[in-house]
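> Handing you a structure now.
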Amino acid sequence: MSSPFLFKGLYLNFGNRRKGVHAVFCMFELMKKILSALLLLWFLPAATFVAKAQSFEDVYQLFQESKILNDHFVGFSLYDLNANKYVMDINGNKHFTPASNTKMYTTYAALALLGDSIPGLEYVERGDSLLIWGTGDPTFLHNRLDTRVVYNFLKNTNKRIFVVPGTMKNKFFAHGWAMEDFEAYYQPEISTFPIYGNVVTFRQKGYNYLSTSPSSFQNSLDFLPEPKVGDFELSRSFHANSFWMSKRPVPSGYVNEVPFIYSDSLFIKLLADSLGKSVTLLSYQKPSNTKILYSGSTKNLIREMMLPSDNFIAEQFLMMCSWKQFSQFDTYLVRDWMKNNVYKYFSAEVALFDGSGLSSYNKVTPQNNVDLLVLLKNKLPDEQERFRLFPAGGVDGTLKRTYSKDLGEPFVFAKTGTITSVYNQSGYLITRTGRRLAFSFMNNNYIDDRASVIRKEMAKIITYIRQTY
C-alpha cells in the first residue's frame, strides 16, 4: 500500500517508481519557490520602507505629533496631479470656512465668463452727447490699478457726458459680512460703477494734518470733539461720509483707506471733479447698439486680486461677470451659474455667499478646493501662467514671508485665507523629484492669537513634503 502525504497542498504518492520520479521533480520545484520566498523576506525591510514613504505615512505622523494642529479643526487634502489621485486626506470631506480661499472660485468664474479683457465702460453716442454705463470695473481712478484708458476717453471727448445709473439686485455688503467693519479698508461697498476704489485715501502731510484723495472729501474731515488718549485714530460715521481724526499727533508716513458711502449723486460729483467738466445723471433705456471700452487684462487684474488678497476686486469681478453673462448686476446669478456648471461635478456641496471670502457663511471642503485647483490646471495648462496668479512662497504676495526658497527656487504657489480663527492655504506644490501636487490645508476654530504658530507649522509640513517626495 502506498503512503500518500500532503505538503503545502501538494499530493505525493511513492507507490511506484514512475510516480516517485515525478515527486522528486515536484519537490525540486517546491524548493525553488521556498528559496524565492526567503529571498523576498530578506529584502522585505527595504521594500516596506519604500511603500511607507510612498504612502505618506511619515506625513500623517507629523500631523499626529503636532500639538498645535491637534487643538482645533484641521483638514488636509493632497492630490497627485500626474497620477490623478489623492495621496493624503485628513477631513477632506468636511466643510470649513474658506476665508480668502474663496478668491480661487472667483478666479475661475472670471476666466470662464469674462474673456481676456476687463470691460471698462459701456457707451453710446447720440449727436453731441455721450451716454455711459458702468460695467462693475473696479480699476477706474483706482490709485494703484487705473490704466487711464477710460479716464482719457472721457477726458478727451468733446461731447456732453451723461451717466445712466445701473440697478444692482444684491446689497452693497454681501451676506455674512461684519457690519462693524464698515470703515475698514478691506471692506469697501460693492457698486455698479466704482470710482477711486470706493475709498477715501488719507495721507499724512506735515504736522497733524491729513490730505484726502479725492480732494473733495477734505472738508468732510474734522477732529473728534473730545481729546482722546492713546494712539492716533481715524473713523467714519456709520450713516454719512463724515470723517473724524483724534487730536493725537498724526504718525509720520501715515496712510489709510476708509470706504465711503456710495451713491449715484456722489459718483457724478467725483467724476465731474476729476474730469474738470460737467457730468449729468440721466435715466435712459439702454439701446442694443452700445459699445464696450476695455480697460485692461483679465489675468493681470486677477493677479492684483490674488497676491495681496484684495476683497474689493474680488467682489467687483462677480459684478462684471454678472454684467457680461446676464446683462444685469445680480451676483446670485453668477453663483447659480457656477453651481450648475462647475460645482455639480465636485465631491461635496459648495456654499459661497460672496466673491472675496469675507462672509462667515461660506463653506467648502478641502476636496472642493482640490477639485477647483484641478479645473484651474485644465483651464490654464501653462504652469507658469497659472502660477503667476498665485502668491509664490518666499517671493511675493501673502506667502512672501511664510516660506523660504528651496534650492534657490519657490516651490509652493497657493492662495491664503485669513479671518478671525481661520487660516488656510490651497494651491500647488512642486517636490524636489518634480512631482506636481495640489493641496488644501485648512484650519478653523482656534484662538486667534495662535495664527502665526499655525502658519509656521503648516509651512514646516509643506516644506517637508517638498524635500522628501
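> Taking 1 over the mean of 1/r across every pair of different Cα atoms in segment 366-431, what Kirkwood radius in Å do you get?
When all Cα pairs of segment 366-431 are included, the Kirkwood radius is 12.4 Å.
> Once you sort the root eigenvalues of the Cα gyration tensor of segment 272-327 as a ≥ b ≥ c, which label holds: rounded (a/c under 1.5), prolate (a/b larger than b/c) or oblate (the other case)?
Oblate.
> Taking a temperature of 10 °C and a viscosity of 1.306 mPa s, what whole-number D in µm²/s does Stokes-Einstein yield for segment 391-469 with Rh from Kirkwood over alpha carbon pairs?
Answer from the Stokes-Einstein relation: 126 µm²/s.
> Given N residues in segment 252-401, what is its alpha carbon radius of gyration divided by 2.2 N^0.38 Å?
Normalised Cα radius of gyration, segment 252-401: 1.29.
> Moving to a separate point now. For segment 408-469 and segment 108-148, what is the centre-to-centre distance using only Cα atoms, to the nearest Å?
After rounding, the separation between the Cα centres reads 36 Å.
> I've got another one for you. Using the Kyte-Doolittle scale, find the helices of the chain whose mean hydropathy is at least 0.0 and whose Cα atoms extend 27 Å or more along the helix's long axis, counting only whole DSSP H runs.
Once both thresholds are applied, what remains is 17-54.
> In Å, what is the Rg of the alpha-carbon atoms in segment 59-192, and how long is Dmax?
22.9, 74
> Follow-up. Given an 8 Å cut-off on Cα distances and at least 6 residues of separation, report the relative contact order of segment 118-305 as a percent.
Averaging sequence separation for qualifying contacts and normalising by length gives 29 percent for segment 118-305.
> Given the options F162, F411, A451, identify the residue whose Cα lies farthest towards the positive end of the charge dipole of the chain (+1 on Cβ of Lys, Arg; -1 on Cβ of Asp, Glu).
Of the options given, the answer is F411.
> How would you classify segment 149-205 from its alpha-carbon gyration tensor, with a ≥ b ≥ c the square roots of the eigenvalues: rounded for a/c under 1.5, else prolate if a/b is greater than b/c, otherwise oblate?
Oblate is the answer for segment 149-205, as a/c is 1.5 or above yet b/c matches or exceeds a/b.
> Related question: If you bin every alpha carbon distance in segment 118-305 into 10 Å steps from zero, what whole percent lands in each bin?
Taking every Cα pair in segment 118-305, the percentages come to 8, 33, 33, 19, 6, 1.
> In whole Å, how far is the Cα centre of segment 52-94 from that of segment 327-356?
Value for the Cα centre distance between the two parts: 28 Å.
> Can you compute the helix-only [θ] at 222 nm over the chain? Use -39500 (n - 2.57) per DSSP H run of at least 4 residues, normalise by all residues, nearest 500 deg cm²/dmol.
-10500 deg cm²/dmol
> Note down the nm distance, to one decimal, between modelled labels 7 Å out along Cα→Cβ at D80 and at F172.
5.3
> From the square roots a ≥ b ≥ c of the eigenvalues of the alpha-carbon gyration tensor of segment 201-324, which class results: rounded (a/c under 1.5), prolate (a/b over b/c), or oblate?
The shape class here is prolate.
> Given K324/K379; K103/K460; K169/K291; K169/K277, which pairs have Cα atoms separated by over 21 Å?
Correct reply: K103/K460; K169/K291; K169/K277.
> What translational D, rounded to a whole number of µm²/s, comes out for the chain from Stokes-Einstein when the hydrodynamic radius is the Kirkwood one over Cα pairs, at 4 °C and 1.567 mPa s?
Using the Kirkwood radius from Cα pairs, D works out to 50 µm²/s.
> Pairs K85/K377; K171/K299; K171/K286: which are spaced more than 20 Å apart, C-alpha to C-alpha?
Beyond 20 Å: K171/K299; K171/K286.
> Could you list L234, L373 in order of exposure, starting from the residue whose Cβ has the fewest other Cβ atoms within 10 Å?
L234, L373
> I'd like to know which of S129, A174, L293 lies farthest towards the positive end of the charge dipole of the chain, counting +1 on Cβ of Lys and Arg and -1 on Cβ of Asp and Glu.
L293
A short reminder: the numbers here are calculations on the coordinates, not readings from a lab. Keep in mind the model is a prediction, meaning the values are calculated, not measured. Methodologically, a virtual Cβ is constructed for each residue, glycine included, from the backbone with ideal geometry; neighbour enumeration extends over all protein chains shown.
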